[in-house]
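The values are calculated or read from the model by the stated rules, or taken from the named source; none is laboratory data. Note that the structure is a prediction, hence the values are computed from the model and not measured. For neighbour counting, all protein chains shown are included, and Cβ atoms are generated from backbone atoms with ideal geometry for every residue, glycine included. All accessible areas refer to the heavy atoms of the entire protein, side chains included, with ligands and DNA or RNA removed. Shrake-Rupley method; radii C 1.70, N 1.55, O 1.52, S 1.80 Å.
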Amino acid sequence: MGGGKAKEQVASLCEDTNAACATSSEPLGIGAGVAVEELTQEFVARSKDVASRLAQSARETMTEAHAETDQAIASAGKQVAAWGSSLREHAPAEGVLGSAAQSVAQKLETGGKYMQKHGVGDMGDDVVDLIRRHPFPAIFVGLGLGCLIGMTFAKRR
C-alpha cells in the first residue's frame, strides 16, 4: 500500500546524500569539518522526515486493515445470526430436539449480533477480561490448543 513510496523516498534520500558528498569541491581542511557537519545534519533531518512518512504510511495501512477486518467480522456475524434464525424456523417446536435446536439458534443469533456490533478491538478486550477473570482455565485451553496444533503439524511429516 505504501511500500513503493517508502522505497522511493529512502532511495531519493541516499541519492541526494551521495550527490552532496560527490559535489563537495571544498578541499579537506578547516572547512571540511563544517561541510561534513552540515551534510550530517541534512542527512539526519531527511532521515527523520522519511521515518515520519513511513510511520504515517504504516498507521494508515493498519487503520485500513482494521476497518476491513471489522467489516468482515460484521458480515460473518450477520451470516451466523441468519443461520440461527434459519435453524429456529426449520427446527421442531417441541421435544428434546426442539428444545436443543431453539437453544442453539438463540446462541447463534446472540453471537451473530455480538459480532455485528463489536470490532476486533472490543473482542480482544473481552478475551483479555475473560483471561484475567479465569486465568487457570485459560492456561489449560492454551495448552490444549497448543497440543492440538502440535499434533496437527506432527501428522504432516
Quiz prompt | Selection within the stretch 110-134 - assigned to a helix (DSSP H, G or I) and more than 25 Å from the chain's Cα centre (by Cα) | solution = THR110, ARG133
Self-check item: All positions within the stretch 76-113 that are open to solvent by 60 Å² or more (accessible area, probe 1.4 Å) and either in contact with a strand residue (DSSP E or B) (Cβ under 7 Å, 6 or more places away or on another chain) or β-branched (Val, Ile, Thr) (or both)
Solution: VAL96, VAL104, THR110
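It is to be established whether one or more residues within the stretch 26-34 are modelled with pLDDT of 90 or more and acidic (Asp, Glu).
No; the residues of the stretch 26-34 include none that is modelled with pLDDT of 90 or more and acidic (Asp, Glu).
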Self-check item: Total residues in the stretch 48-72, condition modelled with pLDDT under 90, of a type in the set (D, E, K, R) and either within 30 Å of LEU108 (Cβ to Cβ) or surrounded by 11 or more Cβ atoms within 10 Å (Cβ to Cβ) (or both)
Solution: 2
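Conditions tested, residue by residue: (1) over 23 Å from the mean Cα position of the chain (by Cα); (2) outside any helix (DSSP H, G or I); (3) modelled with pLDDT of 90 or more.
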position	(1), (2), (3)
GLU38	yes, no, no
PHE43	yes, no, no
ALA74	no, no, yes
SER86	yes, no, yes
ALA93	yes, yes, no
LEU108	yes, no, yes
